[in-house]
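The values are calculated or read from the model by the stated rules, or taken from the named source; none is laboratory data. Everything numeric in this text was worked out from a predicted model, so none of it was measured. Quick reminder, even Gly has a Cβ in these numbers, built from the backbone with ideal geometry, and neighbours come from all protein chains shown. Accessible surface is based on the protein model in full, side chains and every heavy atom, while ligands, DNA and RNA are left aside. Shrake-Rupley method; radii C 1.70, N 1.55, O 1.52, S 1.80 Å.
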Amino acid sequence: MIMLFVTTALPYMTHTAHASSGNPYHFGFKKSKNHQSASIQEEGFKDILVRHSSIFLGDVTKKELYLTFDNGYENGFTPKILDILKEHKVPAIFFVTGHYVKEEPELIKRMVAEGHLIGNHSWSHPDMSQISNAKLREELDKVKSEVQQLTNQKPMTYLRPPRGIFNERILQASKELGYTSVFWSIAYKDWDTNAQRGWKYAYDSVMNQLHPGAVILLHSVSRDNTMALGAILTEAKRQGYEFKSLDQLQTKNY
């Protein structure tokens, strides 16, 4: 996401089979249907996520939703996204890279000023499973420091591993640095700016997966997401769902 790292480059529904605790996984999940919970039961890494208190979804007994955005670079849509969130009074968390922080300081300030959280997406968007713990600290500290200089959000406690690639070492090292790793239970292929398919496709992709306790991943570079967001928020609320800040997520029933 910095320079040539154009958002998520790997499909969300794949994972490295039979990976050991030191080898990488690509986060994947079984999608929700008919408002049933998404599942990671067959992905091979459930125990690792639980052991390190990582987030995949919230309380599956409550109609609560948690909206998350990955912001690797700005494609002109975040101001509109923020306008829509403000209109609907919906909180979100934006996971940002170093490139985004350096290039879009005013948007970072606006996110915090309007009540949203800023999460860490690393400085240079590396495959974290391939870097040392010392390099991991450097990657995360640089983002945290820059955001703290720009805003009054002093703690930064949420991390989204770039491209959803992780191993147990990285989850443990991140946790020791004070971070909770945040994955997702609703996502679709929205990061390819050359493969946008219209607002209705984005709307259906999200709404067809809706389930209690869902952590929704959207990429802010997507025109489709931006055009569909208002309708998604409106219909989810009509169905009785409430959008909450990630800080309010308490129970993770995997």
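Residues checked against (1) modelled with pLDDT of 95 or more; (2) out of contact with any strand residue (DSSP E or B) (no Cβ under 7 Å at 6 or more places or on another chain); (3) assigned to a loop (DSSP other than H, G, I, E, B):
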{"residue": "ILE170", "(1), (2), (3)": "yes, yes, no"}
{"residue": "ASP190", "(1), (2), (3)": "yes, no, yes"}
{"residue": "ASP204", "(1), (2), (3)": "yes, yes, no"}
{"residue": "VAL215", "(1), (2), (3)": "yes, no, no"}
{"residue": "ALA231", "(1), (2), (3)": "yes, yes, no"}
{"residue": "THR251", "(1), (2), (3)": "no, yes, yes"}
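Cβ-Cβ distances below 6 Å connect the following pairs, each with a first residue in the range 55-74 that is within 14 Å of LEU210 (Cα to Cα), a second residue that is surrounded by fewer than 24 Cβ atoms within 10 Å (Cβ to Cβ) and of a type in the set (Asp, Glu), and a separation of six or more residues or different chains: GLY58/GLU64; GLU64/GLU242. Take SER220 and decide whether it is at pLDDT 95 or above, open to solvent by less than 20 Å² (accessible area, probe 1.4 Å), among the hydroxyl-bearing types (Ser, Thr, Tyr) and more than 19 Å from THR78 (Cβ to Cβ). In short, no.
Out of GLU176, GLU168, GLU242, GLU235, one residue alone is in contact (Cβ under 8 Å) with a residue 40 or more places away in the chain and more than 14 Å from TYR66 (Cβ to Cβ). It is GLU168. Here ARG163 qualifies as touching a Phe, Trp or Tyr at 6+ places or on another chain (Cβ under 9 Å), farther than 14 Å from TYR66 by Cα and assigned to a helix (DSSP H, G or I). Residues that are within 20 Å of VAL206 (Cβ to Cβ), of a type in the set (Val, Ile, Thr) and in a loop (DSSP other than H, G, I, E, B) within the range 32-84 comprise ILE40, VAL60, listed in sequence order.
Here is a check on your reading of the model: is SER129 of a type outside the set (A, V, I, L, M), at pLDDT 95 or above, open to solvent by less than 20 Å² (accessible area, probe 1.4 Å) and touching a Gly at 6+ places or on another chain (Cβ under 8 Å)? No, not satisfied.
Quickly run through the range 143-182 and pick out the residues that are of a type in the set (D, E, K, R) and either open to solvent by 10 Å² or more (accessible area, probe 1.4 Å) or over 21 Å from LEU217 (Cβ atoms) (or both). Scanning the range 143-182 gives LYS144, GLU146, LYS154, ARG163, GLU168, ARG169, LYS175, GLU176.
Residues in the range 91-103 that are of a type in the set (D, E, K, R) and within 16 Å of GLN148 (Cβ to Cβ): LYS102 only.
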